[in-house]
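Structure record follows, encoded as structure tokens.
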Amino acid sequence: MFEYLELDPYATEQQFCNAIESTFTASTQPVEYLERAFTIIVDRIERGDPEEFYKWMLLAMVITYLRQKDLQKIIEAVMGERVAWWSTTYFSQHNFLRAPLCERIVYMAVCAQQLVDLECGHPVYGILSGDLPENLAQFVNENIRII
């Protein structure tokens, strides 16, 4: 399934989510599989449909998982050089100021908070501490990076 997802950034939501979730819910997986699945998520963000929300949700959940398992090295290996340009593209203030509050924006805000040292006053902080529906507020509480 990994080979299919690597070749097709537009695979169906069900195929994508099932493959990624099964990788991270298995009791043990080789580090190579975890890194490969993480890379597939990042590639889906960069090459897939920009309106998809679930890829951002999975990214946030996987980052949380990898940090809890002390596998920060996977995050660094995959995101290394990307963090700098994601800061000015996906995580720019403009993106969060102009977009209506929706699931995708909340998940993106969580990812931004997890991956980037945001400057004081960045709109992400307002989104994460704002009045969110219960399911999104719970997601934020479970996945934000505690500094």
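Taking segment 24-37 as the range and being touching a helix residue (DSSP H, G or I) at 6+ places or on another chain (Cβ under 6 Å), in contact (Cβ under 8 Å) with a residue 40 or more places away in the chain and open to solvent by 40 Å² or more (accessible area, probe 1.4 Å) as the test, only Glu35 passes.
Pairs linking a residue in segment 38-59 that is more than 19 Å from Glu76 (Cα to Cα) to a residue that is open to solvent by 40 Å² or more (accessible area, probe 1.4 Å) and among the aromatic types (Phe, Trp, Tyr), with Cβ atoms under 9 Å and 6 or more positions apart or on different chains, are Arg47/Tyr10; Gly48/Tyr10; Asp49/Tyr10.
Within segment 129-138, can one find any residue that is surrounded by 14 or more Cβ atoms within 10 Å (Cβ to Cβ), in contact with a His (Cβ under 8 Å, 6 or more places away or on another chain) and of a type in the set (A, V, I, L, M, F, W, C)? Scanning segment 129-138, I find no residue that is surrounded by 14 or more Cβ atoms within 10 Å (Cβ to Cβ), in contact with a His (Cβ under 8 Å, 6 or more places away or on another chain) and of a type in the set (A, V, I, L, M, F, W, C), so the answer is no.
Selection of first residues in segment 81-97 that are of a type in the set (Ser, Thr, Tyr) and of second residues that are not in a helix (DSSP H, G or I), restricted to Cβ pairs under 6 Å at least 6 apart or on distinct chains, gives the following pairs, ordered by first then second residue: Ser87/Val116. Would you please name the residue that is surrounded by the most Cβ atoms within 10 Å (Cβ to Cβ), looking only at residues in segment 72-98 that are among the polar types (S, T, N, Q) and more than 20 Å from Ile40 (Cβ to Cβ)? Taking the candidates together, the pick is Asn95. Do we find that Leu66 is out of contact with any strand residue (DSSP E or B) (no Cβ under 9 Å at 6 or more places or on another chain), open to solvent by less than 50 Å² (accessible area, probe 1.4 Å), within 19 Å of Val110 (Cα to Cα) and outside any loop (DSSP other than H, G, I, E, B) in this structure? So Leu66 passes the test.
The values are calculated or read from the model by the stated rules, or taken from the named source; none is laboratory data. What you see is a predicted model; the values in this text were computed from it and never measured. Note that we place each Cβ from the backbone using ideal geometry, even for glycine, and neighbour counts take in every protein chain shown. We work out accessible area using only protein heavy atoms, side chains counted, and drop any ligands, DNA or RNA first. Shrake-Rupley method; radii C 1.70, N 1.55, O 1.52, S 1.80 Å.
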